[in-house]
């Protein structure tokens, strides 16, 4: 069975790691990890336990542990997996291998560090790149940033820089001169290999360069994003480094009781300039469900995307349950409807902060925004359109559930008891679908 399980787990390419995973699953239980994290478990039958989910604001225990197959699933936020997935999310590991290393230590299983080295630390490379780009920020770009509300001192503090169009190997040649490994820079996404002997900077593009925003964590650069300057036809306005994103901009701002979650880095920087805690995704679809745990210390998360992304903002807000709120920028502040527009319109950061706080005071939940946005021509279409929303509302605490179902009944003109029945049915159906998906073996080759 251990050998079969080893090759069913598609997260692992290394057989040594797969062997460790088998042994960890045998020795370390989901229950023990949750208990060690201070999470109380309540038995529901012989092979199942319930607990408050640590990855969202859970008041009615929605995390279920299936002791018979060593898996867990939260029916509130959708988080799920095995014991190593649980360790990864609780401890905030960026890679599965690092989470497995920690789980192995807890289980008393030897981890093959010599055969499986730790994930390379690219922060020296990112710091070097950020410093290089910050040193060549041209006056025209600095003037543009000033017009967007960012004073010179703030630009320097944030190490905002510039990736020039030419030479296309500007960063690569500098890293090489510093004795840094270009293969590691390529793995980090900072440079791209065009041919066997040609390496260019990832942020070098035709039509002009890019203003570079460093993404930092713990004071060290961990990623970069470029903003086209000057803009040109056919040139992407924003450019990300190749590869998967592992960090939000502004993760160090998430230790307080609340935070703004913005669509772009300039919006989060606008908030930071005014002393407001903010993080940013790399575009409306850049938020991963698994990142909800990064906001675990925040009792309120105010999602503030551009005005044309209101529906997506509401969906993201709902990932945080009722602690997620949607901030919409009024049209009076500009066409885009983002926080940087508010900063430009304000006379100073203090006025900006006052305006944003007033918008936050009246910010609805994501559920309320989605209810208001429902559009249907035939009442019979409503269940199909709103079944996911109904299921999410049904999993909330009784007070929030009651208020939202009443709002939905008022919005649709349907009796409250009928809407409540529909919510219960939608939640039961979704739970059954998820249980079936969790129980199904992975498909070969996936």
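Mind putting together the pair-distance distribution for the range 311-363? All Cα pairs, 10 Å bins, whole percent per bin, short to long.
Result returned by the calculation: 25, 47, 26, 3.
Can you tell me which of 140, 363, 353 moves the most in a GNM of the chain? Springs connect C-alpha atoms under 10 Å apart.
Between 140, 363, 353, it is 140 that shows the largest mean-square fluctuation.
To make sure I understand, if each residue's beta carbon is the centre and we count other beta carbons within 10 Å, what order do 371, 399 fall in, fewest to most?
Details: 371 22, 399 10.
Fewest-to-most Cβ neighbours within 10 Å comes out as 399, 371.
I need two numbers for the range 121-245: Rg to one decimal and Dmax as a whole number, Cα atoms only, in Å.
13.8, 43
Cα convex hull of the chain: how many Å³ per residue?
Numbers: hull volume 79.9 nm³, N = 446.
Taking the convex hull of the Cα positions in the chain, it is 179 Å³ per residue.
What order do you get for 365, 328 when you list them from fewest to most C-beta neighbours inside 10 Å? Walk me through the numbers on the way to the answer.
On the way: 365 24, 328 19.
Ascending Cβ contact count within 10 Å gives the list 328, 365.
On alpha carbon coordinates alone, what is the Rg over Rh value for the range 374-439, Rh being the Kirkwood radius?
On the way: Rg = 12.2 Å, Rh = 12.2 Å.
Rg divided by Rh gives 1.00.
Once both labels are modelled 7 Å past Cα along the beta-carbon direction, what's the residue 220-residue 148 spacing in nm?
Inter-label distance under the simple model: 2.7 nm.
Please order 144, 210 by the number of other Cβ within 10 Å, starting at the fewest.
Details: 144 15, 210 28.
The fewest-first ordering by Cβ neighbours comes to 144, 210.
Only the coordinates and a few stated rules stand behind these numbers; no lab work does. On a predicted model such as this, the values are computed, not experimentally measured, just so you know. Methodologically, a virtual Cβ is constructed for each residue, glycine included, from the backbone with ideal geometry; neighbour enumeration extends over all protein chains shown.
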